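Here's the structure, in structure tokens; my notes come after.
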Amino acid sequence: MLIHHHKQRGVTLVELMIAGVIALIALSAVLTVYSASARHSTELLQQAHLHQQLHALMHLIGRDLKRAGYWHFDPALRAASDNPFQNSANQIRIQAYAGQSPDSCILFSYDLDQDGLVGTGACDATDCADDTDDDNVEQFGFRLRGVRVQSRYGGSGLECESGYWQTVNDPAMEITRLQFTQHSSCLNLLEAGRECTPESPRLIQRALEIQLSGQLRNKPHTNTAIAQWVRIRNDQLRDGKGW
């Protein structure tokens, strides 16, 4: 008598469970790699954005500072040493807003509308001080306040704690440092090679060193620092009547 043996078809439950476990392990590995890759890509994009924003902010500050002290005037009528944009009230001054790090605020002015007058935008046209008018604003500044860089756009009194200011950095970025350092050299126009004196006509050349650093909000490990030197195009001319 012949006995027929039935061959097994398909897989057993144990084999199915083993295959499922292997598939889950493989899927978990793929998801882990994908998650790490996505997180790394996101961090790289954020870091690139931070670099871009810092350099854009530095470009904004540097471009404006290059104009400091510019004055449109007729040399047949006025002397260059009478420049109202480079007197003690309007020339480059480095200070700090209350409670902020030293040298984190800079004030300056330039003849934006080329009318030869310092536009304060705050005086009455009938009683503006000499060499000023109220038809525009030509007194500017940049300052660090908290984690923000602010730009001055108006108001009375050219000081770091007066006037109207607006934030110019990306809200997703925290500024951790803004510092200005002025460097200057003096040329004696009366005696070449001699040191400058209060009695000698002289030309003062200036440059600014700007230190800027920032980070993504609440992410100290992303902190990045950049620096730039800015040559002030408009040199100061002094006529020998004191410093």
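Within the stretch 198-211, the set of residues being surrounded by 15 or more Cβ atoms within 10 Å (Cβ to Cβ) and either among the hydrophobic types (A, V, I, L, M, F, W, C) or not in a strand (DSSP E or B) (or both) comprises Ser200, Pro201, Leu203, Ile204, Leu208, Ile210. Could you check, for the stretch 166-186, whether at least one of its residues is in a loop (DSSP other than H, G, I, E, B), touching an Asp or Glu at 6+ places or on another chain (Cβ under 6 Å) and either more than 19 Å from Ala56 (Cα to Cα) or not hydrophobic (A, V, I, L, M, F, W, C) (or both)? No: the stretch 166-186 contains no residue that is in a loop (DSSP other than H, G, I, E, B), touching an Asp or Glu at 6+ places or on another chain (Cβ under 6 Å) and either more than 19 Å from Ala56 (Cα to Cα) or not hydrophobic (A, V, I, L, M, F, W, C) (or both).
Here Glu195 fulfils each of the conditions (1) without any contact (Cβ under 8 Å) to a residue 40 or more places away in the chain; (2) within 15 Å of the chain's Cα centre (by Cα); (3) not in a strand (DSSP E or B) apart from (2).
Condition check for Leu187 on (1) among the hydrophobic types (A, V, I, L, M, F, W, C); (2) touching a Ser or Thr at 6+ places or on another chain (Cβ under 8 Å); (3) over 17 Å from Gln100 (Cα atoms): one failure, at (2).
Just checking, does the stretch 160-179 include any residue being closer than 30 Å to Ala48 by Cα, in contact with a Lys or Arg (Cβ under 6 Å, 6 or more places away or on another chain) and surrounded by fewer than 18 Cβ atoms within 10 Å (Cβ to Cβ)? Scanning the stretch 160-179 turns up at least one residue that is closer than 30 Å to Ala48 by Cα, in contact with a Lys or Arg (Cβ under 6 Å, 6 or more places away or on another chain) and surrounded by fewer than 18 Cβ atoms within 10 Å (Cβ to Cβ). Within the stretch 96-103, not a single residue is in contact with a helix residue (DSSP H, G or I) (Cβ under 9 Å, 6 or more places away or on another chain) and either in a loop (DSSP other than H, G, I, E, B) or under 22 Å from Ala56 (Cα atoms) (or both).
For (1) at pLDDT below 90; (2) part of a helix (DSSP H, G or I); (3) touching a Gly at 6+ places or on another chain (Cβ under 8 Å); (4) closer than 30 Å to His221 by Cα, each residue gets a yes or a no:
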| residue | (1), (2), (3), (4) |
| --- | --- |
| Leu2 | yes, no, no, no |
| Lys7 | yes, no, no, no |
| Ala26 | yes, yes, no, no |
| Leu31 | yes, yes, no, yes |
| Tyr34 | yes, yes, no, yes |
| Arg67 | no, no, no, no |
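Of all the residues in the stretch 212-243, those that are assigned to a strand (DSSP E or B) and not polar (S, T, N, Q) number 14.
The values are calculated or read from the model by the stated rules, or taken from the named source; none is laboratory data. Not measured: the values here are computed from a predicted model. No Cβ is skipped: glycine too gets one built from the backbone with ideal geometry, and neighbour counts run over all protein chains shown.
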